[in-house]
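Single-structure report; data block below.
Laboratory data are not the source of any read-out in this text; all were calculated from the coordinates shown. Predicted model, so just to flag it, every value in this text is computed and none were measured. Cβ placement follows ideal geometry from the backbone for every residue including glycine, while neighbour counts extend to all protein chains displayed.
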Amino acid sequence: AMRPLRLLLGLGAVVGGQRQPIIQLPVGLQGNEVASLELYEGEDPATVADQFAKNYGITEDGIAQLVAAMNQILPPVKVEFVADLGDNQHAKVIMREGQTAAQA
């Protein structure tokens, strides 16, 4: 039986002790160069796209396209909140469809 993709994405895949990205997106750059954008469990697509864009000189429009592409692949967000860790430290917590609290 085929499993829905969202359940597979909800799993924090660790193979051989290495974290596996939940998304690998080949991005065509200038010339024939292709870079792989990788998103890991718990990472924020906007932050990852921003860093990727800085590394490869991608425009604001390009960043928006990367974020949109990742959000299409990811399951929809069910819960999003900011946790106060004290000492002015905050953590953004995002839970997606098909994830359990332990994986978020």
Roughly how many nanometres apart are two label points built 7 Å out from the Cα toward the Cβ at E97 and V79?
1.8
Label points 7 Å out from Cα along the Cβ direction at N71 and D87: separation in nm?
3.3
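How much net charge surrounds A91 when only the other residues with a Cβ under 13 Å from the Cβ of A91 are counted, with Lys and Arg +1 and Asp and Glu -1? Walk me through the numbers before you get to the answer.
Working: positive: K92; negative: E43, D44, E80, D84, D87.
Summing Lys/Arg as +1 and Asp/Glu as -1 gives -4.
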Given labels modelled 7 Å from the Cα in the Cβ direction, how far is it in nm from Y40 to Q20?
1.5
List the residues whose amide H sits under 5 Å from the amide H of E41, counting only those 5 or more places along or on another chain, with H placed 1.01 Å from N in the peptide plane.
I22
